[in-house]
Each structure stands twice: as structure tokens, then as C-alpha cells.
Amino acid sequence: MAGYSGSKDAYLARLRRVEGQVRGIAKMVDDDKYCIDILTQVAAANRALQSVALALLDDHLGHCVVEAARTGGEQEQLKLKEASEAIARLVRS
């Protein structure tokens, strides 16, 4: 079971809003809107996706990593490595 299962509907709602934002950005480009206005909307969509990513990471740490730490062994090291790599990707983006 995924760590975000209890919040799945909320995540899907947030992602649908981001999807709508991206469609709105595409329409702005199609309508030849002002560049800075488009960039502002791109930044807002990026922040919204980062918010989802951080919430998912929090759920992963609180569920998957904690569970692996309880059982110990190879799974513990694997989950910690995955989390560390995910954090690194988020920091670079």
C-alpha cells in the first residue's frame, strides 16, 4: 500500500488543478499573451507541482521509510537511498 493512499483524492484534485494551469498556459501562448504573464503562470505551476512533490515525499518518509526502518535489513538501506535520491532530484529541479 502506498504511503499517500489516505490522501489520494486530495493529490488527484491538486494535480487536476495543475493540469488546468498548464492548459491555461498553453492557451496563453496560443493567444499571444504577454511573455511575463506567461512566465508568472509557469512559475505558479512549478510551485504547485513542487508542493505536491514535497507532500508525497513527506508521506513516503512517514510511511515507507519508517516501515522499512522498523523491519531493518536491506529494505531499510534501499528506502533511505531512494528517499535521498528523490530529495536530491527535488533540490536540483
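Some points to look at:
- The stretch between A13 and T71 holds 17.6 nm of extra length on full extension. This uses 0.36 nm per residue minus the Cα-Cα distance.
- Other residues lying with their Cβ under 13 Å from the Cβ of R23 contribute a combined charge of 0, Lys and Arg counting +1, Asp and Glu -1.
- For region 5-92, diffusion coefficient by Stokes-Einstein and Kirkwood Rh (Cα), 25 °C, 0.890 mPa s, µm²/s: 163
- Contour minus Cα-Cα distance for K33 and L90 (0.36 nm per residue): 17.5 nm
- Segment S5-A44, extension gain: residue separation times 0.36 nm, minus the distance between their alpha carbons: 11.5 nm
- Mean separation of Cα contacts under 8 Å (6+ apart) over length of region 1-80, as relative contact order %: 37
Just so you know, all these numbers are worked out from the coordinates, no wet-lab data involved. Note that this is a predicted model, so its numbers are computed, not measured. Positions of Cβ are generated from backbone atoms using ideal geometry, with glycine treated the same way; all protein chains shown enter the neighbour counts.
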